[in-house]
Amino acid sequence: MQDYSITRLMYTCQSESATLEKDRASLEQVYNEVAKDKVHIMGFEGEIEHKTKHISNKASYIERNYAMINDSDYCIFYYNKDYLPKKRKHYKND
């Protein structure tokens, strides 16, 4: 019988961090009390700090994404053909 369990791993880049699933409920409770609102935190079973974690540029995120895909047995993607990011002021390639 084949095991179809899913393990959620977060490949982190600059200023990203993961919350382990085992800690999620207690952290949500703390954030709910501080924010005085319902806060939902996404939990993961593990975090992988990619070698480009402390490099912040477009290429580092692309390299991280390739590593994440190559390390996976299966990938599920969400694509919204109508999405356009907000235009930024003073950005020469806008």
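Any idea what the dipole of the chain comes to, in debye rounded to 20, about its Cα centre with Lys/Arg Cβ at +1 and Asp/Glu Cβ at -1? All intermediate terms of the calculation are to be shown ahead of the outcome.
Numbers: 15 positive and 15 negative charges, 162 e Å.
Result for the chain is approximately 780 debye, rounded to the nearest 20.
Accessible surface computed residue by residue for the chain, with neighbouring protein chains in place and a 1.4 Å probe, gives 94 Å² per residue. Taking every C-alpha pair closer than 8 Å and separated by at least 6 residues, the mean separation divided by the residue count of the chain gives a relative contact order of 30 percent.
Length available on full extension from residue 83 to residue 65: 0.36 nm per residue minus the Cα-Cα distance, which gives 4.6 nm. Peptides 59-66, 70-77, 31-38 ordered by packing proxy, namely the average of other Cβ atoms within 10 Å per residue, highest first: 59-66, 31-38, 70-77. Using only the Cα atoms of the range 36-77, each taken as one equal point scatterer with no solvent, compute I(q) by the Debye sum, divide by I(0), and report log10 of the ratio at q = 0.31 Å⁻¹. Reported log10 I(q)/I(0), two decimals: -1.13.
Of the heavy-atom accessible surface of the chain (probe 1.4 angstrom), what whole percent is carbon and sulfur?
Values: 4740 of 8810 Å².
Roughly 54 percent, rounded to a whole number.
Under the √(5λ) rule applied to the eigenvalues of the Cα gyration tensor, what semi-axes describe the equivalent ellipsoid of the chain? Give them in Å, descending.
Rounded to whole Å, the semi-axes are 26, 23, 15.
Helical runs assigned H by DSSP (4 residues or longer) give the chain a calculated mean residue ellipticity at 222 nm of -9500 deg cm²/dmol, each run adding -39500 (n - 2.57) before division by the residue total.
The values are calculated or read from the model by the stated rules, or taken from the named source; none is laboratory data. None of these values were measured; they are calculated from a predicted model. Every residue, glycine among them, receives a Cβ derived from its backbone with ideal geometry; neighbour counts consider all protein chains shown. Side chains included, ligands, DNA and RNA excluded: accessible areas come from the protein's heavy atoms. Shrake-Rupley method; radii C 1.70, N 1.55, O 1.52, S 1.80 Å.
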